[in-house]
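Read the figures in this text as sums done on the coordinates, not as results from a lab. Quick caveat: nothing in here was measured; it's all calculated off a predicted structure. Here the Cβ is made from the backbone with ideal geometry for all residues, glycine too, and neighbour counts use every protein chain on show.
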Amino acid sequence: MSATAPHVPVLVEAVTELLERPDGVVVDVTLGAGGHAAAVVARRLQLWGSADLLGIDRDESALALARRRLQHEIDDPRVRIRLVHARADDLARVLDDEGIDSVAGVLMDLGVSSMHLDRPERGFSYRQDGPLDMRMDASQGSTAGDLVNELEPKALADVIRRYGEERFAHRIADAIVAARPITGTVRLAEIVRDAIPAATRRTGGHPATRTFQALRIAVNEELRSLESTLPVAIDRLSHDGVLVVMSYHSLEDRIVKRAFAEAATGCVCPPRLAVCACGRTPRVAHVVRRPMGPDDAERARNPRSGSVRLRAVRRLAGVA
């Protein structure tokens, strides 16, 4: 894996266009290897003659990769880059610590990256054997192994059903409990596969995909973090500032869609009232309402881009 290009960023041109204006600080709250950030900085440097980037990631190894990439690709005294080890839902605290009141743009590229999937020791992939870890911040919290080996059957089934939308969650949970202890990713994938009816296994992707997704989301509290981060990101946008979110499965996209719709909603008074009594005004306008995905050429270059759904909103003036 190259230190400068370990992960192929998705929809780079769309992201850079959405985040090229207005002038000010851009925050990438899921920095990863820095691919999107480098492109955004380059575009803004060209447009404004300067660029100010705040990069946040919960994975210290990702921050190290991003730092090397940005130093390699962006070597210009007109660029200010600050990188912070933190969770996305620490956004308000990080901005306050950095003395930043409002920002011109926020990028959230959700889910798991190639850096995680392609490193067996991180435990995210069922294709290569590794420990059942799945923590994006390897220094904190419970591992996937803790959930697999310690949760009661009903609680484990609830995790698999809720976060993996897996209809055979109870069968899978019972099979996991019967096979404890389980220490490796490949062994877990085999147990999940065998728990799913043969007829179902013959269609679709790998039978363990949904279960692995569910465990990863639970370990990293991904949906709760997303729900907490979106309102803060909207609050801290400056006038015309843009929030771009890329999600990779329906659970994430529903949360983003709901948050954007709520922020874009104006008066909610009953139609019979001649004058608005609620005083509610839209805080944002949709920039990308219908989810944007990659074109055929990008799908061919980067098969992992196929599930991405991009949405974006722009902050309106005159609203608190």
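Brief remarks on what is shown
- P(r) tail for the stretch 21-90: Cα pairs beyond 14 Å make up 52% of the total.
- Each stretch of four or more DSSP H residues adds -39500 (n - 2.57); spread over every residue of the chain, this sum gives -12500 deg cm²/dmol at 222 nm.
- Ranked by the mean number of other Cβ atoms within 10 Å per residue, highest first, peptides 23-30, 162-169, 300-307, 126-133 order as 23-30, 162-169, 126-133, 300-307.
- Lys/Arg +1, Asp/Glu -1 at C-beta; the chain dipole; positive extreme among VAL275, TRP48, ALA297: VAL275
- Estimated Rh, the stretch 40-128: Kirkwood, alpha-carbon pairs, angstrom: 14.8 Å
- Charged-residue dipole, Cβ positions (Lys, Arg, Asp, Glu), the stretch 1-102 about Cα centre, Debye nearest 20: 260 debye
- Of the three principal axes defined by the Cα atoms of the chain, the extents in descending order read 60, 59, 40 Å.
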